[in-house]
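Here's the structure, in structure tokens; my notes come after.
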Amino acid sequence: MVSGSVSRRYAKALFAIGEEKGNLLGLQKEVERAAEAWNASGQLRSTLSNPQIGLAARKSLWEAVVRRLGVSPMGLNFLLLLFDKGRLADLPGITRELGVLSDRKENRLRAEVIGAAPLPDTVVMRLKTALQRHTGKIVIISKREDPGLIGGVVTQVGDMMYDGSVRTRLERMKEAMLGRG
């Protein structure tokens, strides 16, 4: 089974349980903390996947890590299930899919805005307002810089990319002048 579909399946199950029990947001935060711990420590990942270390010892280590994160009994059960099924490596994907499901439920849309330099808050707010008006959703924008853009802005919204960068405009002009456009 493809990893993305596995992540989606686990995320849907946890989402349904969280909604049913009324603690979806809490469970989501717990799984995010566990995924951060997993991502942050290569030593943890290699230890938990090392077959030379006994299964009981590895599971005990994972349980200790998860308990230190302060997760609920339901979160602990889910995270131990992932260990038992050999799916800890899918934890980042599960977290991502859980976020997608949560965003869909809450009518949220995430967008990433990339500028060659720091973008003024007024520009980001105008873009956010335009996206909200266009999509009818609550838009959450993350910003980052890429000096390679030279100027302008690239906006990624879901699968759509709006490229207003100077770099892309220059590439298009070059192709047009060379007769390839």
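Any read-out appearing in this document is the output of simple, stated calculations on the displayed coordinates, not a laboratory observation. Just so it is clear, the model here is predicted, and its values are computed rather than measured. Cβ placement follows ideal geometry from the backbone for every residue including glycine, while neighbour counts extend to all protein chains displayed.
Values computed for the structure shown
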{"read-out": "Debye log10 I(q)/I(0) at q = 0.08, 0.09 Å⁻¹ for the chain, Cα point scatterers", "value": "-0.39, -0.48"}
{"read-out": "Alpha-carbon centroid distance for the pair the stretch 79-109 / the stretch 125-155, whole angstrom", "value": "25 Å"}
{"read-out": "Number of Lys pairs (Cα under 18 Å; 8 or more positions apart or on different chains) in the stretch 3-103", "value": "5"}
{"read-out": "Student exercise, the stretch 3-103 dipole from Lys, Arg, Asp, Glu Cβ charges, in Debye to nearest 20", "value": "240 debye"}
{"read-out": "Hydrodynamic radius of the stretch 125-181 per Kirkwood, over alpha carbon pairs, in Å", "value": "13.1 Å"}
{"read-out": "Cα lying deepest toward the dipole's positive end in the chain, options Thr129, Gly115, Ile150, charges on Cβ", "value": "Thr129"}
{"read-out": "Top positive-direction residue, dipole computed over the stretch 3-103 with Cβ charges, set Ala57, Ser102, Ala37", "value": "Ala57"}
{"read-out": "Per residue Cα convex hull volume in Å³ - calculated over the stretch 3-103", "value": "86 Å³"}
{"read-out": "Simple Cβ-charge dipole of the chain, Lys/Arg +1 and Asp/Glu -1, about Cα centre, in debye nearest 20", "value": "140 debye"}
{"read-out": "Distance (nanometres) between label positions extended 7 Å along Cα→Cβ at Val100 and Val166", "value": "3.6 nm"}
{"read-out": "Computed lengthening from Ala64 to Glu175, 0.36 nm per intervening residue step minus Cα-Cα distance", "value": "34.2 nm"}
{"read-out": "Computed lengthening from Thr47 to Asn77, 0.36 nm per intervening residue step minus Cα-Cα distance", "value": "8.7 nm"}
{"read-out": "Percentage, to the nearest whole number, of Cα pairs in the stretch 50-129 over 15 Å apart", "value": "71 percent"}
